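The values are calculated or read from the model by the stated rules, or taken from the named source; none is laboratory data. As the structure is a computational prediction, the values presented were derived from the model and not from experiment. Cβ atoms come from the backbone with ideal geometry, glycine included; neighbour counts cover every protein chain shown. Accessible surface is based on the protein model in full, side chains and every heavy atom, while ligands, DNA and RNA are left aside. Shrake-Rupley method; radii C 1.70, N 1.55, O 1.52, S 1.80 Å.
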Amino acid sequence: MEDIPIGILVSGLGLLLGMVFGATAQRTNFCTMGAISDIVFMGDWNRFRSWLLAMAVAIPVSQYMHLTGTVDLGKSIYLTTNLGWAGAIIGGLIFGFGMTLSGGCGNKTLVRIGTGNMKSLVTAIFLGLFAYMTLRGLIGLARVEFEAAVNTDLKQMGLASQGMADMLAAITGLGLDTARQALTVFFTAGLLYFCFKSPDFRNSKINIIAGLIVGLLIPAAWYTTGVIGQDDFDPVQLTSFTFIAPTGDSLQYLMTFSGATVNFGIATVGGVIAGSFLMGLVRGQIHYEGFNDPGDFRRNISGGSLMGIGGVLALGCTVGQGLTGLSTLALGSLIALIAIIAGAVYGMKYLEEGSLGGAFRALLAR
């Protein structure tokens with residue numbers, strides 16, 4: 001093990017963690033967009049509670065690792081002093097709307113590729129293409145100018161980061177660790193109560209298992225990149241599961257393999273697809289699915305493109321912000337998550353009503 005380069009070791013572990021994620025999501029149908037759709041159209045909260053359970057597991061374990069000094073979450077992209085509130089709102093709304101057009105968020109798109117869904121393959125290509133364009137390509141300059149104009153520098157307010165613990169400590173005078181512990185208990189207890197107060201959810205073993213496994217994968221990834229990946233000469237960037245920028249990086253890696261280096265994000269993307277494929281193979285659920293009509297083709301291209309742009313503006317997707325980001329107790333992650341859910345609900349009403357105006361009127365009428 002000592003002879004293996006740190007980057008390769010971390011990527012290998014990322015591949016394995018991604019496979020667990022993909023296999024779990026394929027077996028349990030773990031999907032944020034599907035969970036929101038269940039609520040909007042059927043009033044069924046079980047899958048949404050599964051996602052919240054994952055959050056209730058990821059937050060305390062990640063915070064424990066931070067408080068004990070195992071991992072410094074302050075080194076993550078989520079806890080900078082530069083609060084991108086506008087990007088979180090606008091990007092979240094765009095991402096949420098886009099994922100309804102394509103029928104799934106970033107992780108669900110990858111899971112479907114593993115079981116032979118050609119629509120999701122096209123969606124992923126456009127998602128990755130537009131994510132990379134927004135990060136470093138044609139749209140990148142406009143994004144940088146936008147962020148420079150609207151982002152809030154929290155240093156001017158005397159805050160060390162956009163962590164909700166820092167803000168609570170500044171407002172109340174509590175010590176930072178005490179504020180962090182209080183928020184961890186608040187979020188964890190509240191989420192667990194909401195999940196398990198439902199008899200239907202308590203009897204839904206598959207949703208409980210999904211939430212537990214996915215929730216544990218978040219701190220496992222923090223540990224992989226933050227502990228195993230630390231090297232004095234070539235440290236790995238601290239990160240956990242997120243699927244927007246890594247999908248763009250994966251496309252670039254496939255095209256420039258000889259001059260590129262695999263990283264944790266690229267490995268997890270490949271792992272999710274592989275894990276989904278293996279689980280689908282075991283369950284006899286590998287089948288090819290194409291587009292139903294030109295409209296279906298346009299919706300998936302549009303949805304993938306919007307997810308790529310929105311996910312970069314919001315600094316993540318339903319997993320990247322909704323689970324990984326929130327496990328750091330970052331305010332920006334909470335804002336992005338709310339915006340993603342709002343965009344998804346609006347997108348579902350758009351598909352139902354057939355027009356943007358009709359969707360808006362339908363929401364007002366609720």
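Counting only the backbone N, which residues of region 5-46 are under 18 Å from the spot 7 Å out from the Cα of Phe196 toward its beta-carbon?
46
For the chain, what is the charge dipole size about the Cα centre, in debye to the nearest 20, if Lys and Arg each add +1 at the Cβ and Asp and Glu each add -1 at the Cβ? Provide the component values of the computation, followed by the final result.
On the way: 20 positive and 20 negative charges, 214 e Å.
Computed about the Cα centre, the dipole is about 1020 debye.
Once you put a point 7 Å from the Cα of Leu67 and another 7 Å from the Cα of Phe257, both along the Cβ direction, what distance in nm separates them?
4.6 nm
Under 15 Å from the Cβ of Asn151, count the other residues' Cβ atoms, weight Lys and Arg +1, Asp and Glu -1, and hand me the total.
Net of charged neighbours comes to -1.
Could you pull out which residues in region 14-33 have an amide N less than 20 Å from a spot 7 Å beyond the Cα of Glu289, following the Cα-Cβ vector?
21-33
Give me the number: length gained by fully extending Ala86 to Leu141, i.e. 0.36 nm times residue separation minus the C-alpha to C-alpha distance, one decimal in nm.
Values: separation 55, 0.36 × 55 = 19.80 nm, distance 1.65 nm.
Taking 0.36 nm per residue and subtracting the Cα distance, the gain is 18.1 nm.
How do the peptides 138-144, 166-172 rank, highest first, by the average count of neighbouring beta carbon atoms within 10 Å per residue?
Most protected by this proxy first, the peptides run 166-172, 138-144.
Among 316-328, 52-64, 76-88, how do they line up from the highest to the lowest mean number of other beta-carbon atoms within 10 Å?
Going by the mean number of other Cβ atoms within 10 Å, highest first, we get 316-328, 52-64, 76-88.
Relative contact order of region 1-124, please, whole-number percent, based on alpha carbon pairs below 8 angstrom and at least 6 residues apart. If you can, show how the numbers build up before the last one.
Numbers: 60 pairs, mean separation 32.2, N = 124.
Relative contact order of region 1-124: 26 percent.
What spacing in nm lies between the two simple spin-label points modelled at Gln230 and Thr178, each 7 Å away from Cα in the Cβ direction?
About 2.8 nm separates the two model spin labels.
Quantify, in whole percent, the carbon and sulfur part of the accessible surface of region 217-329 (1.4 Å probe; protein heavy atoms only).
Numbers: 2870 of 4710 Å².
On region 217-329, the fraction of accessible area on carbon and sulfur atoms equals 61 percent.
Shape of region 29-161 from its Cα gyration tensor (a ≥ b ≥ c, root eigenvalues): rounded if a/c is under 1.5, otherwise prolate when a/b > b/c, or oblate?
Oblate.
Compute the accessible area per residue over region 59-101, keeping the other protein chains in place, probe 1.4 Å, unit Å².
Solvent-accessible surface per residue comes out at 37 Å².
Go ahead and run the numbers for FRET between Leu356 and Lys205, Cβ-Cβ distance against an R0 of 30 Å, rounding to 0.05.
0.15
So what is the 222 nm mean residue ellipticity for the chain from helices alone, if each DSSP H run of at least 4 adds -39500 (n - 2.57) and you divide by all residues, rounding to the nearest 500 deg cm²/dmol?
-22500 deg cm²/dmol
Through the Karplus equation 6.51 cos²θ - 1.76 cosθ + 1.60, θ set to phi - 60°, convert the phi angles of region 292-299 into ³J(HN,Hα) values in whole Hz; use x for Gly and Pro.
In residue order, the calculated couplings are 7, 6, x, x, 5, 4, 5, 5 Hz.
Only Cα pairs under 8 Å and at least 6 apart count here; give the relative contact order of region 60-178 as a rounded whole percent.
The value is 34 percent.
From the phi angles alone, apply the Karplus equation (6.51, -1.76, 1.60; θ = phi - 60°) to region 325-340 and give each ³J(HN,Hα) in whole Hz, x where the residue is Gly or Pro.
x, 5, 5, 8, 6, 7, 5, x, 5, 5, 4, 4, 4, 4, 5, 4
If you take the square roots of the eigenvalues of the alpha-carbon gyration tensor of the chain and sort them as a ≥ b ≥ c, do you get rounded (a/c under 1.5), prolate (a/b over b/c) or oblate?
rounded
Normalised by the residues of region 211-251, what does the relative contact order come to in percent, with Cα pairs under 8 Å and at least six apart? Write down the numbers at each step before the final one.
Values: 22 pairs, mean separation 14.2, N = 41.
That works out to 35 percent.
From the phi of every residue in region 92-103, what ³J(HN,Hα) in whole Hz does the Karplus formula 6.51 cos²θ - 1.76 cosθ + 1.60 yield, where θ is phi - 60° and glycine or proline is x?
3J(HN,Hα) across region 92-103, in whole Hz: x, 4, 5, 5, x, 5, x, 5, 6, 5, 8, x.
Please enumerate, by chain and number, the lysines with C-alpha under 26 Å from the C-alpha of Lys349, excluding those fewer than 8 residues away in the same chain.
Lys108, Lys119
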